[in-house]
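The values are calculated or read from the model by the stated rules, or taken from the named source; none is laboratory data. Worth saying up front: this structure is predicted, and the values here are computed from it rather than measured. Glycine gets a Cβ as well: all are built from the backbone with ideal geometry, and neighbour counts include every protein chain shown. With ligands, DNA and RNA removed, areas are computed over all heavy atoms of the protein, side chains included. Shrake-Rupley method; radii C 1.70, N 1.55, O 1.52, S 1.80 Å.
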Amino acid sequence: MDILLLNPPISAKLASPKVKGPFSDVGENLGLCYIASSIRERGYTAEIFDAYLMEMEVDKVVGEILLRNPKMLAVSIPSIMALKNASAITAKIREANKEIYIAVGGHYATICHEMVIRSTKADALILSEGERIMVNLYETLAGGGSLEDVAGIVYEENGMVKRNPGDGLIDDLDSLPFPSRELLPAVLETGGFASVLTSRGCYGKCTFCSSADFLGKAHRGKYWRPRSSRNVVDEIELLHREYGVGNLVMIDDSFIGSLKAGGERAVNIAEEIIRRGLKLHYLIMCKPEEVDRVIFSALKKSGLAAVSIGIESGTQSGLDRMNRNCTVGMCREALSILRELDLEVFIGLIPFDPDTTVEELEETIEFLYSLGELNVSLFRKRMMCLPGSGIERSMLEQNRLENGKYTISDGAAEQVCRIMEAAGKNWGNQLNCYLYNSLWRIAISDWTEEKYGEIRRQAREEVNEKSREILKGVIDSVMGGREESAILERAEREMENLYRKVSGLLQQIAY
């Protein structure tokens, strides 16, 4: 075999599709799927080995790699959670068979390339998008060439980490072969969903995101690169025909993209799906400023069933700190349009950032409550300082990061955050998974409104009302000086009761 593409197991708990629905961690690694098809297009052999999907232990993974004995092992490191096991695997492979060439790549590997190549002791690290660089690297090595001749890689030489200029960013995404889908049957068997990437990158410059650093200077201003509508629907039709896929998750950072050109493309995709008679239910991800009634009406006619929308904050000050380039009014209007179209809505929220105040928390709570979209489980995490993100740079400059974590400047907000993180770790997480998974499965079903509408309404109303009560209770107790352990105990108890009531309602129709 020429190249074995490994998705390593990670240290975090694997969440099945039966628990998290369309937001499950179990699915195809589309990055490796695209690279596999690009390798095969050039006439070389490649296999995708998804140890994460199969929940394999490190030693078992190593044994399987040695059994396959590839000329090159290419390891995906999309996040820090994959680094520990990836490094353990590469170390064991290096010890057992020095003839296997080791390359690494992925989002986290690109941003933290110097640390990753030293940790994994890989022969080369591929930056940014890997389809072309991987093939170029393999062909150069097979022809006896030097690493100096391969653009867009990092490698170690005489104890020094070197980075070759160049990039693998692909302007014409239609030129890529469709991703290999040999693992899709296994994903579908677990209750998972097929995913499609209709564009790459994002035009946003949000402080919490590291997308711009992943693209680096190579993006040349092309932050968001779409595939053509025909190319997208060709892939959807192939999935429908060859795998019987009727439910899809579009995993773009921003499906719509720039509102004018992106909006036209979205409508064209919808019209092409309808023209070909494809019966689908699908989910997209978008920003509030991208929601347009005409565009989303067209998408709904073609099968759009649910929308994951990044509201992030219900306050203008919070949105401005995140550099979101939208207003609270835009968020309200977007949610109103989605509700009018009866699309299921999954909200992305970042309730706690390094400078959140209690007053802002209260404002966000009331904003979501007024729209019927308040969910206490959305308040269980603080903003992460992702490597390469603007917020990480800001916290480092302010000397506020310790082991990757910060303390919120408003002491009361920090205390509320700690309580919600602890209380939400168990029951909040279960509520979030159960509610969103149930609503997604209702959205993609063919059940009539008469059959599930009232129960769905009751569940949403219960979550909205009780969430406000729980959150206001926590804030009032903190401001009143109550002991933190007592506040936490009560919050956990109330979240458990809410979970049990909502799951009792929804299990009548979703499971």
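Here the stretch 131-283 carries DSSP beta bridges of which approximately 55% are antiparallel, counting only pairs with both residues inside. The stretch 310-454 gives an Rg/Rh value of 1.01, both radii derived from C-alpha positions and Rh following Kirkwood.
When the charge dipole of the chain is built from unit charges on Cβ atoms (+1 for Lys and Arg, -1 for Asp and Glu) and taken about the Cα centre, the candidate among Ile236, His281, Cys417 whose Cα reaches farthest toward its positive end is Ile236. Residues in the stretch 184-194 carry Karplus couplings, in order, of 4, x, 5, 5, 5, 5, 7, x, x, 10, 6 Hz; the curve used is 6.51 cos²θ - 1.76 cosθ + 1.60 with θ = phi - 60°, and Gly or Pro positions show x. Computed from the C-beta positions of Ser297 and Lys121 and an R0 of 60 Å, the FRET efficiency is 0.65 to the nearest 0.05. Computed over every Cα-Cα pair of the stretch 127-189 and binned at 5 Å starting from 0, the pair-distance distribution P(r) comes out as 4, 15, 19, 18, 15, 12, 8, 6, 2, 0 percent.
Placing unit charges on the Cβ atoms only, positive for Lys and Arg and negative for Asp and Glu, gives the chain a dipole magnitude near 420 debye about its Cα centre. Here the simple spin-label model places points 7 Å from the Cα toward Cβ, and for Asn325 and Ala96 these points are separated by 4.8 nm.
Spacing of the modelled spin labels on Arg68 and Glu333, each 7 Å from Cα toward Cβ, amounts to 5.0 nm.
Taking every protein chain into account, the accessible area of the stretch 51-111 amounts to 46 square angstrom per residue (probe 1.4 Å).
Of all DSSP bridge pairs formed entirely within the stretch 29-167, close to 45 percent run antiparallel.
Within the stretch 412-483, what whole-number % of the accessible surface is contributed by carbon and sulfur, with the 1.4 Å probe and all protein chains included in the calculation?
45
Across the stretch 1-88, the relative contact order, built from alpha-carbon pairs under 8 Å that are at least six residues apart, equals 51 percent. Partner lysines whose Cα lies under 27 Å from the Cα of Lys71, excluding those fewer than 8 positions away in the same chain, are identified as Lys60, Lys84, Lys92, Lys98, Lys121, Lys162. Taking 7 Å steps out from each Cα toward its Cβ at Lys260 and Leu30 produces label points 2.7 nm apart.
Can you order the peptides 435-441, 396-402 by their average number of other Cβ atoms within 10 Å per residue, highest first?
Going from most to least packed, we get 435-441, 396-402.
Normalised by the number of residues in the chain, the mean separation of alpha-carbon contacts (under 8 Å, six or more apart) gives a relative contact order of 12 percent. Peptide packing: for 17-29, 158-170, the average count of neighbouring Cβ atoms within 10 Å per residue gives the ranking 17-29, 158-170, highest mean first. To the nearest 0.05, what FRET efficiency results for Lys425 and Glu461 with a Förster distance of 30 Å applied to their C-beta separation? Computed FRET efficiency for Lys425 and Glu461 comes out at 0.70. Amide H contacts of Leu349: Glu312, each under 5 Å away and 5 or more positions distant or on a separate chain (H built 1.01 Å from N in the peptide plane; Pro and chain starts excluded).
In a fully extended conformation the segment linking Glu57 and Met384 would gain 115.0 nm over its present Cα-Cα distance, using 0.36 nm per residue. Distance from the Cα centroid of the stretch 1-34 to that of the stretch 105-119 is 19 Å (rounded to whole angstrom). Multiplying the residue separation of Val161 and Arg275 by 0.36 nm and subtracting their alpha-carbon distance yields 35.8 nm.
What the stretch 119-199 shows is 41 Å² of accessible area per residue, with the surface traced by a 1.4 Å probe over protein heavy atoms.
Stretch Asp355-Lys13 to full length: gain in nm at 0.36 nm per residue minus the Cα-Cα span?
120.1 nm
Here the stretch 411-500 yields Rg over Rh of 1.09, to two decimals, using C-alpha coordinates and the Kirkwood radius. Simple point charges give the picture: +1 on the Cβ of Lys and Arg, -1 on the Cβ of Asp and Glu, and for the stretch 49-110 a dipole about the Cα centre of about 220 debye.
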